[in-house]
1. When only DSSP loop residues count, what GluC sites (Glu not before Pro) in the stretch 156-263 have their Cβ near at most 15 other Cβ atoms within 10 Å?
2. Of LYS115/LYS236; LYS150/LYS207; LYS89/LYS292; LYS13/LYS236, which ones are farther than 26 Å apart at the Cα?
3. Using 0.36 nm times the number of residues separating GLU65 and GLN12, minus their current alpha carbon distance, what extension gain do you get?
4. Taking a ≥ b ≥ c as the square roots of the Cα gyration tensor eigenvalues, with a/c under 1.5 meaning rounded and otherwise prolate when a/b beats b/c, else oblate, which class fits the stretch 158-209?
5. Taking the alpha-carbon centroid of each part, what is the distance from the stretch 136-210 to the stretch 55-84 in angstrom?
6. Would you mind getting the accessible area per residue of the stretch 17-130, heavy atoms of the protein chains only, 1.4 Å probe, in Å²?
7. What trypsin sites (Lys or Arg not before Pro) does the stretch 3-79 have in DSSP loop regions with at most 13 other beta carbons within 10 Å?
8. Once you order the gyration tensor axes a ≥ b ≥ c over the Cα atoms, which shape class does the stretch 215-255 get: rounded for a/c under 1.5, otherwise prolate or oblate by comparing a/b with b/c?
Amino acid sequence: KSKNTMSFDLIQKVTGNNVCVDCDNKNPDWASINLGVLMCLECSGSHRHIGVHISQVRSLKLDTECWQGEMLDFMCSVGNAAFNRSWEKDCPPWIIHPEEYPYLPFVREHYINQKYTYRLFLRKELGDQVSTSFTDDVHRGLESGMVMKKSAENFISPWQQRYLKFHVKEGEPVLAYYKEAALVSAKGEITLKDSIAGLLDPSNADKDHPHQFEIKTSSESEHSGRVFLFSVGSNKEAMEWVQSIRRHSGQVSKRSGKNEATPIMSGMELERLNLKRGLAQKLEEEVRLERKERDKKGKHL
């Protein structure tokens with residue numbers, strides 16, 4: 001074997017490096033040389049988008065000059081498994097992961113931004129700058145908001161504006177929908193226990209309502225397995241609703257619990273990751289302004 005092939009093999013044999021650090025695609029052959037992890041081609045594109053100040057992407061097969069000396073030692077000292085035990089340690093079980101929707105690029109982009117740019121899943125004892133209260137607020141998601149709901153009965157104007165709000169009824173999670181935010185009496189309620197919330201592919205959706213999500217109710221519920229369909233203003237908002245519904249219903253990601261073991265990456269190694277700080281405050285302000293504006297619109301409709 002050539003020296004480059006031997007280096008390639010050494011890096012791939014590190015624990016966890018048989019799958020992508022972000023989406024679990026098998027046999028990743030792209031790397032972040034400042035993070036010390038391997039990723040698939042699709043995720044490498046998202047890493048390039050977040051900037052070289054956060055992740056510096058190289059090809060294991062093409063950039064062969066990288067894999068020697070200190071760089072080779074560093075890549076072999078980290079590995080995807082150890083990295084994620086720190087960088088996904090505080091990822092809530094209801095968060096949408098890229099492998100759930102490999103055909104939706106915005107899911108991958110959103111997840112990688114949350115993980116690296118804003119470090120929302122990084123275990124807190126490592127001194128991350130994101131305040132616990134803000135991180136909890138982001139993870140908690142939406143509690144109410146305006147959406148468009150597709151009626152199963154009105155074929156002339158099937159999409160109708162509704163105000164959604166979570167609450168608990170007789171000890172069970174419920175999503176109530178109202179004609180207006182100010183109304184006390186709900187138009188209807190959706191029992192969330194054992195329900196499944198998910199995103200719809202925008203390319204297959206109604207062109208006037210491309211950002212859709214659905215709730216598939218349990219066959220054991222009063223809805224007898226009925227599917228409720230909703231539309232919102234952006235892909236990001238659709239993801240927020242799905243994650244919020246998951247949180248209330250108890251639905252978890254198939255990746256949940258994967259990084260519950262005690263992290264083995266040292267603080268010194270994490271310092272070497274060289275991520276820019278200060279972006280967390282920017283995200284905090286953006287999210288709060290966005291939600292404030294959304295709530296304001298809902299009250300005036």
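The values are calculated or read from the model by the stated rules, or taken from the named source; none is laboratory data. Being a predicted model, the structure only gives us computed values, none of them experimental. With ideal geometry, Cβ positions are generated from the backbone for all residues, glycine too; neighbour counts draw on all protein chains shown. Accessible surface areas use protein heavy atoms only, side chains included; no ligands, DNA or RNA. Shrake-Rupley method; radii C 1.70, N 1.55, O 1.52, S 1.80 Å.
1. Of the GluC sites (Glu not before Pro), the ones in loops of the stretch 156-263 whose Cβ has at most 15 other Cβ atoms within 10 Å are GLU170, GLU180, GLU220, GLU222, GLU260.
2. Working: LYS115/LYS236 15 Å; LYS150/LYS207 14 Å; LYS89/LYS292 29 Å; LYS13/LYS236 36 Å.
Those over the limit are LYS89/LYS292; LYS13/LYS236.
3. Between GLU65 and GLN12, full extension yields an extra 17.4 nm.
4. Because a/c hits 1.5 or more and a/b fails to exceed b/c, the stretch 158-209 counts as oblate.
5. Result: 45 Å between the Cα centres.
6. Details: 4150 Å² over 114 residues.
Roughly 36 Å² per residue, with all protein chains present.
7. Loop-located and lightly packed - LYS13, LYS61.
8. Oblate shape, in that a/c is at least 1.5 and b/c is the bigger or equal ratio.
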